[in-house]
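The values are calculated or read from the model by the stated rules, or taken from the named source; none is laboratory data. Because the structure is predicted, anything quoted here is derived from the model rather than measured. Positions of Cβ are generated from backbone atoms using ideal geometry, with glycine treated the same way; all protein chains shown enter the neighbour counts. Note: areas computed on protein heavy atoms with side chains; ligands, DNA, RNA excluded. Shrake-Rupley method; radii C 1.70, N 1.55, O 1.52, S 1.80 Å.
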Amino acid sequence: MKPQHTCVALIAAACLGQAATAAVSEDEARQLGGARLTAFGSEKGANKDGAIPPYSGKAPAAPADYDRKTPGQRPDPYNDKPLFTITAQNAAQYSDKLDGMLEVFKAYPDFRMDVYPSRRDWVYPQQVLDNTVKNARSCKATKGEQKLEGCSGGFPFPIPKTGYEVMWNHLIQYQAPAYMVQVTGYLTPSNGVAVLQTRTEALQQYDYYDPGCTTPHAPDVVYWKVLQTNTAPARKVGEKVLILDSLDMVDIGRRVYQYIPGQRRVKLAPNLAYDTPSPNTGGASTMDDIKGFGGAMDRYDFKLVGKKEKFIMYNNFALNNAKTCADDKVVNNKNFPHPDCVRWELHRVWQVDAALKPGMRHIYAKRVFFWDEDAPGAGSAEGYDAAGKLYRILNQAAVPFYEHESGGVSDASYGLDLQTGAWYVQGSASVAGGGYFPVERKNERFFSPESLASDGIR
């Protein structure tokens, strides 16, 4: 089925917007793709001591043992050895690059970080890069920065000026125009014995990155569509959820539809947002914890702190390959995922602090986000309770796609609950035959409540 194009010509409106206020100065915009900045705004060069290398501008090469019959299972193309290991005994000397993770070492003395060589091999199609350069001059966040206007299919804000702009880059991260997801979700209580919460097949689609769209998008475009079907455990087989997030989170916002097999009907489920407990993790995370953060930003004030260097999960091929680290090994570990399976690297990240607005409700009174400069889906998030105590830490396991020029994926969330000792994974690809892999885009009907009902299986 040929997908419908969801963009509209807003060239005149975009030009009027530029006449009023440019998103960045012309001098800044001209730096994109130049000697200092990549076309999407990250720093091209290495850091001072060379621990963070220059941006490579190329994707990692697919290793010889990559089986294209199981495209979601990607072997490690690097086979690096750790440079060093951070433990509870030496964590203090790295505190400026650990942030909230320092509390993990204090809470769990057997926790460790194996730190590997940093690699910046995350690339994007030329159309995405070209649109990103356009967006620097035309894309704007209006209505309290909750709505995007005049934006084409690239990074909305390659030179972000506000916390909201950094968060929009995260929300509309480029992975692929459409990709299939076959993953699991587990909750591991403090006893270290994991409990399967969901096994899921889902299609995710970003119409914002429709390659057939050559003009700026209308604000009513649904930038993120996901249709999820549960295939396990038995009590959840056949359950479906459809999530639609638009560029206008003020007047349109999130639309969620749910199919419950026992009821044999589709219902609107507006509560599957904000701090509603996520069914994919047994309630151990919130709905807006998905991908580190997802959904509307209207309950918080987002402040851009700046850029810093931080250890984050990156190039986690082992965590996304059942042959290397199967689910059983990863999840049956007390308090945190098995350290043998986790790769940490030093990267430059944007830090955004989010404070709950007066009169608003959420279980996190404060949140701190750290998003990678090259891949804004990669990074981590910290949630603090009303007493200012660190509550949960989420780390996104980032993996670039090496078989073609289409970014990568950082959907898998590993969340540590420091108050209970439990932890969860949402979106684990460490299951045979599972993973993330690009597919052809679907048309509008596929992501509709009617389609949800017609595909119900019991």
* Structure fact -> Pro211 fails exactly one of (1) of a type outside the set (Asp, Glu); (2) modelled with pLDDT under 95; (3) open to solvent by 10 Å² or more (accessible area, probe 1.4 Å); (4) within 17 Å of Arg445 (Cα to Cα), namely (4)
* May I ask you to list pairs of residues, at least six apart or on different chains, whose Cβ atoms are under 7 Å apart, with the first in the stretch 139-150 being of a type in the set (Lys, Arg) and the second being surrounded by fewer than 18 Cβ atoms within 10 Å (Cβ to Cβ)? => Lys143/Val250; Lys147/Val250
* Asked: For the stretch 413-447, how many residues are among the aliphatic types (A, V, I, L, M), at pLDDT 95 or above and not in a strand (DSSP E or B)?
  -> 2
* In this structure, is Asp374 open to solvent by less than 10 Å² (accessible area, probe 1.4 Å) and acidic (Asp, Glu)? -> yes
* To do: Could you check how many residues of the stretch 39-79 are of a type in the set (D, E, K, R), under 27 Å from Gln351 (Cβ atoms) and exposed (fewer than 14 other Cβ atoms within 10 Å of the Cβ)?
  => 2
* **Test: residue in the stretch 108-123 that is acidic (Asp, Glu) and assigned to a loop (DSSP other than H, G, I, E, B)** => yes
* Asked: Failed condition for Gln93, given (1) farther than 22 Å from Asp340 by Cβ; (2) in contact (Cβ under 8 Å) with a residue 40 or more places away in the chain; (3) of a type outside the set (A, V, I, L, M), with all others met?
  -> (2)
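Conditions tested, residue by residue: (1) closer than 30 Å to Ala234 by Cβ; (2) over 19 Å from the mean Cα position of the chain (by Cα).
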site	(1), (2)
Glu145	no, yes
Ser152	no, yes
Pro156	no, no
Pro160	no, no
His170	no, no
Thr188	yes, yes
Asn191	yes, yes
Glu201	yes, no
Cys213	no, yes
* Just give me the residues in the stretch 237-286 being more than 27 Å from Gly153 (Cα to Cα), of a type in the set (Ser, Thr, Tyr) and touching a residue at least 24 places away in the same chain (Cβ under 8 Å), in sequence order. => Tyr259, Ser278, Thr281, Ser285, Thr286
* Asked: Which one is modelled with the lowest pLDDT, of the residues in the stretch 112-126 that are more than 21 Å from the chain's Cα centre (by Cα) and open to solvent by 10 Å² or more (accessible area, probe 1.4 Å)?
  -> Gln126
* Structure fact -> Restricting attention to the stretch 312-334, the residues that are touching a His at 6+ places or on another chain (Cβ under 9 Å) and either more than 27 Å from Ala91 (Cα to Cα) or open to solvent by less than 10 Å² (accessible area, probe 1.4 Å) (or both) number exactly 5
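Can Glu345 be described as assigned to a strand (DSSP E or B), open to solvent by 40 Å² or more (accessible area, probe 1.4 Å), farther than 27 Å from Thr142 by Cα and in contact (Cβ under 8 Å) with a residue 40 or more places away in the chain?
no
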